[in-house]
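Participant: The structure follows.
The values are calculated or read from the model by the stated rules, or taken from the named source; none is laboratory data. Please read all numbers here as calculations on a predicted model, not as lab measurements. Every residue, glycine among them, receives a Cβ derived from its backbone with ideal geometry; neighbour counts consider all protein chains shown.
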Amino acid sequence: MSSVRGGRRFGDERDCSSFPCVCLKLYNLKPPPIPFFQSCMKSSPFAACSAEASRLLRVVTSLAEAAQALELPPLAGREWFEQLSRKLVPQLADDPFLVAAVVGGTNIGKSVIFNHLAGYRTSATSPFASGTKHPVCLVPAGFAERHRLDGIFQGFELHPWSDSEAALAAHETHRLFWRVSDQLPHNLLVLDTPDIDSDAPVNWHRADCIRHCADVLIAVLTQQKYNDAAVKQFFRAAAAEDKAVVVVFNQCLLPDDEAYWPLWLNTFARETGLQPDLVYVAPNNRGAAEDNRLPFFRRHWEGEAPAEPRETTPADDQPCDLGRDLAELHFADVKFRTLRGSLRSLFSDEVGLPSYLQEVRQRSAAYRSAADVLNSQQLARIDNWPTPPSHLLVDQVRQWWRGQRQGFSRSIHEFYNSLGHGLLKPVQWVRARWSGPASPPWDVYRQQEWDVILRAAEGLYDELARLAQLGNDLLKPRLERLLAGASRSEFFASLTQAHAAVDFAAELQAIVTRQMQSFQDESPQWYTFLKRVDDCAAVARPVTSVALFVAAAGPAGHALMPFVSQAAAQSLVIHVIGDIAGGAGAVVAGEAAMASGAGGFRYLEAKFQQLQDSFTAQRVAWFAEFLKSRLLGDLQTGLEAAANVTLSDDFRETEVSLDALRRQVAELTSTEYSVPSTE
C-alpha cells in the first residue's frame, strides 16, 4: 500500500526507528496490548515545544483583551488562533495519536463510511438529507484516562454516547458524543461529522472545529458533491494546513463511472489544492451499505487523469479493508505533518500571528495619531479662573482656629469678637448708606466662575466641531457621535443646573478643615507657636482692639486713621497678616516681634496661598469631571489606552514567545524530524 504525495510515501516500508509505524487490522485481529504501541511510538516530535506553545496562547489571549480598545476582530475565528488553541496546545505534548474524521456534504453516506471503519453499525444512517447534526467519536479503550478529550475537541460540549439517535437531534449547543471502542488501536480516534455544506451556520462552526482537531480527513465525495462550493472551501482550508486526506468516491455506478471519477477528482484537486494520499471508489448499493458490507475498491491516482481512462485489472476488482488501510498509515509521520501544517499557519507572515501583531501595531499607531491630534489642541483653555475673596477664606480659617482655643484664651477672644461685631454695626450701616447694599460675596464669585465656565464650554464645543471636520479616520467618527449624542442646548442646560447647585461655602470649609488639620499634623512646632501667640494676643487684645475695629471698617476706618497711634498702626499691620496667614486674631505688637517673625509670616502666607490654590484646583476638577461625564466621556483615555497597546508587557511577551517557538521548531525540522516540504 503506497501513495505518492509531494515526495513522501505513506504506507511504504520504513525504518521504524526514524518514523515508527503502526500496522493494525481493525477487522479479524484483536489489537495488540498497549505496551506494544508504546514501544514503537515516539513522543510527539514537537513535544519540546509544548510549554512554549502554552505560554504563547496565554500571553496572546491576554494581549487580545488589552487590544479590545483597538476595535480589532476577535481572535476566535482567526485560523492561526484556532490552530494554536485547538490543535497545537492540546496535542503537541501527547503521543502521536491520530484523529480521523469522516467529512463531506449532505446525504452522501458519511455515516455509512464511519460504520464500516468502526466495524459495526454504530452511527445512525438515513436516506434523507442532514442526518447527523453533531459529531460522534469512537475512542480507544483507556484513551480517555490518558488524555483530555475536552482539550482535543475544544469548542464542543462532550457527552457519553449511548443512543445512536442522539446525534440526529438538532441543538444550538455544539455537542460531541463519544463512546469507547475495543476494536480501535490505542492511538486512533474516528469521527462521524455533520454536513460541511449545510445552510445552518452552527454546522459551519462545527466543521471548522473538526478540521482543526483532525489529523486525517476521510473525504466522502459523490458525483453530485465533488464540485460543491462549500465542500471545496472546506478542503481548501485543509490543504493549507497540509492535512492527510483519504478520498472515497461513494455511490458510484460501477463499472460505468470508472472513466469519470478521475475527471471529478482532477477538478476537486485542482480547485482545492489537495493531493489525496489514498483514493477509493464504492458502489451505489443501499442494501450493502445498511448491512455494513459495502466494498471499497482502491484506485491509483497520480494527478491529472490521462487522456484515455486506465483499464481496470483483476486486482482492482478486489475490495479493500478501509479500516486496515487507515490503521497502517505511519502515525508519527502523519502527526508530524499535521502539526507542522498548523505551525506553518501560526507562523505565516501573511495570515498568521505575525500578521496579527502587525495589525495591532498599525492600529495602535493610528490611535496614537488620533490621541496626538486631541492632545495638541487646547480644547478648554482656562487662563483666568477666579479665586474666592480673601476675607471669606480668612473667615473660614478663623472659624477653624476658634475651635482650637480653650479656657481663658477662648473666653477673652469670644468676648472681644462679640464686642467688635456690635461696635462695627454703625460703621457697616454708614458704608451701606454711602455705597448701597453689597451683593453676597458668594453670589459675586458664582457669577465670576460661571462666566469663565461658559466661555470655556463654548470654546470646547467649537474646537470639537472643528476637529470633527478635519477628517482623522479614527477621531472624526468618534467626535461626530459625541457631538450628536446630546444637543448643545441640553448640555448647557444641565451645566447651568449643576453649577447653580454648588455649595461653595461648604466646599471651602471642607478644604480649610482638611488643610489646617494637615498643617497641625505636619507642622506641630508652627502650630504650637501660633497657639502661644494666640494666647498672648488674648492678653494684648484690649490694647489692640481699637486698631482691629478700624481695620474692619473699610473706608470709614480710613477716616479714623489719623487718630490711631503709630504703635496701634503697627499692631494693626501685624494683626492683618496674622489673620490672613493663620487666623490667630490680634497678635503681639512691637518692632522686635515684627522682625523676628518675618520669615514665619512668609511661610504662613504660602500656606494661605495653598488654601486658595486647593479651592481653585477643586473647582477646575469639578468642571473637568462634568465635561467628562456629560460630553467627552472616556474619549481621551480610550485613545491613549489603545495607542499604548504595543508598549504593554503582553505585546512584548507575545513577540518574545513567538520568536522562541519559531527557534524551537526550526531546530526540530532541520534535524531528526525533517520532512520534505509540499510547497
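Participant: Working only within the stretch 348-364, note down all residues that are crowded, with 17+ Cβ neighbours inside 10 Å, among the small types (Gly, Ala, Ser) and more than 10 Å from Thr646 (Cα to Cα).
Facilitator: Gly352
Participant: Show me the strands (runs of 3 or more DSSP E) entirely contained within the stretch 216-306 in which 3 or more residues are under 24 Å from Cys137 (Cβ atoms).
Facilitator: It comes to 216-221, 244-252, 278-283.
Participant: Which condition does Gly323 not pass, out of (1) outside any loop (DSSP other than H, G, I, E, B); (2) within 19 Å of Phe114 (Cβ to Cβ); (3) modelled with pLDDT of 90 or more, if it passes all the others?
Facilitator: Just one mismatch for Gly323, condition (3).
Participant: Out of curiosity, is Glu258 on the phi < 0 side of the Ramachandran plot, touching a residue at least 60 places away in the same chain (Cβ under 8 Å) and of a type in the set (Asp, Glu)?
Facilitator: no
Participant: Can you list residue pairs whose Cβ atoms sit under 8 Å apart, with the first residue in the stretch 653-669 being in contact (Cβ under 8 Å) with a residue 60 or more places away in the chain and the second being acidic (Asp, Glu)? Count only pairs 6 or more apart in sequence or on different chains.
Facilitator: Ser657/Glu52; Ala660/Glu52; Leu661/Glu52; Gln664/Glu52
Participant: Could you look through the stretch 266-278, keep only residues that are within 16 Å of Lys225 (Cβ to Cβ) and of a type outside the set (Ser, Thr, Tyr), and pick out the one that is farthest from the chain's Cα centre (by Cα)?
Facilitator: The selected residue is Asn266.
Participant: Among residues belonging to the stretch 605-636 that are polar (S, T, N, Q) and either touching a Lys or Arg at 6+ places or on another chain (Cβ under 9 Å) or not in a helix (DSSP H, G or I) (or both), point out the one that is farthest from Glu52 (Cα to Cα).
Facilitator: Ser614
Participant: Follow-up. Does the stretch 270-284 hold any residues that are within 12 Å of Val246 (Cα to Cα) and either touching a helix residue (DSSP H, G or I) at 6+ places or on another chain (Cβ under 8 Å) or at pLDDT 90 or above (or both), and which are they?
Facilitator: Leu274, Gln275, Pro276, Leu278, Val279, Tyr280, Val281
Participant: Just give me the residues in the stretch 113-141 being over 21 Å from Leu184 (Cα atoms), at pLDDT below 75 and within 43 Å of the chain's Cα centre (by Cα), in sequence order.
Facilitator: Ala129, Ser130, Gly131, Thr132
For every residue, the table says whether it meets (1) of a type in the set (A, V, I, L, M, F, W, C); (2) out of contact with any strand residue (DSSP E or B) (no Cβ under 7 Å at 6 or more places or on another chain); (3) modelled with pLDDT under 75.
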position	(1), (2), (3)
Ala593	yes, yes, yes
Leu604	yes, yes, yes
Gln609	no, yes, no
Ser614	no, yes, no
Lys628	no, yes, no
Glu640	no, yes, no
Arg652	no, yes, no
Asp659	no, yes, no
Glu672	no, yes, yes
